[in-house]
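Data block below; observations after.
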Amino acid sequence: MDEELEALRWLTVDELAAARRRAIKELNLLDRSAADYPVTEAALQRTLSLVGQVQDDRRRRP
C-alpha cells in the first residue's frame, strides 16, 4: 500500500479536511512559470485525489 495513502487514513476528519485545504491553497499559489511546476502540480493533485479516496472510503463504511 502507498505510504501517503496509509498516513492519510490515520488522520482525523478535521486533519484530513485541513490537508485538503492546504493542498488546494498550495495549488492556487503555485508559480506557473517555475521549472518544477508540472511535478509540483502533479504531486498536489495526487494528494487531493488520495484525500478524496480516503473520504469516499469512510463514507462507504457502515
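Every number in this text was worked out from the coordinates using simple rules, so none of it is lab data. For clarity, every value in this text was computed on a predicted model and none was experimentally measured. Neighbour counts are summed over all protein chains in view; Cβ atoms, including those assigned to glycine, are modelled from backbone coordinates with ideal geometry.
Once the Cα atoms are used to define both axes, helix 13-29 deviates from the longest principal axis of the chain by about 10 degrees. Relative to the longest principal Cα axis of the chain, at what angle does helix 37-60 sit, 0 to 90 degrees, rounded to 10? So the helix axis and the longest Cα principal axis differ by about 10 degrees. The listed peptides 28-40, 7-19, ordered by packing as a protection proxy, come out as 7-19, 28-40 (highest mean of other Cβ atoms within 10 Å first).
Taking all C-alpha pairs of region 3-60, those more than 16 Å from each other amount to 43 percent.
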